[in-house]
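A short reminder: the numbers here are calculations on the coordinates, not readings from a lab. Predicted model, so just to flag it, every value in this text is computed and none were measured. A quick note on method: Cβ atoms are made from the backbone with ideal geometry, for glycine too, and the neighbour counts reach across all protein chains shown.
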C-alpha cells in the first residue's frame, strides 16, 4: 500500500469514526410494511417478568406508534456486541399476544426505534419490549413510549 492510499484510508476511517460518535442511529418503520408483517407473530406468550406498560386508547383509535431506545449494555453491564433484534409485545384482554420482531442495524444497539401503524383492536393494550442477541437469549429491554 502506498502512502497516498494509506492516508485516504486513515482519513476515511477517521471520518467514519467521528460520524459514529456524534450521530444517533434511528430506525423508523411502519408495522404495515411487508418486512414487519413477516416478522409479526400472533399467539405468543408474554415473556416471564416482562414489564408491561398499559396504555388506554380512545375507542376510535385503530393503530399506535411505539418508540424505544435499543439497549447498549447487557444485563451484567458489559457493552453489547451481539444484539440481533428487539421484540415489541402487545397484549389485550381477550386477545392473543402479538409479537413484532425488529432487526437491528447495529449489533452494539443504541438506535432510536419508532414503529408506526401498529394495528390495535382494544381500548387498552399492554406493551413490553425485549432484546435478543445472536445466541437467541432474550432479555428485558429499554423503556417503551407509546
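Below, the figures for the structure above:
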read-out: Calculated over the range 24-145: convex hull of Cα atoms, volume per residue (Å³); value: 102 Å³
read-out: The range 24-145 - percent relative contact order, Cα under 8 Å, separation 6 or more; value: 40 percent
read-out: Ascending count of other beta-carbon atoms within 10 Å, so fewest first, for 85, 68; value: 85, 68
read-out: Calculated FRET efficiency for the pair residue 93/residue 116, C-beta based, R₀ 30 Å, to 0.05; value: 0.80
read-out: Chain lengthening between residue 57 and residue 123 when straightened (0.36 nm per residue, less Cα-Cα); value: 23.3 nm
read-out: Antiparallel content of DSSP bridges confined to the range 24-145, in %, to 5; value: 90 percent
read-out: Shape of the range 36-85, Cα gyration tensor, a/c cut at 1.5; value: prolate
read-out: Potential lengthening between residue 37 and residue 139 on full extension [0.36 nm per residue; Cα-Cα distance subtracted]; value: 34.4 nm
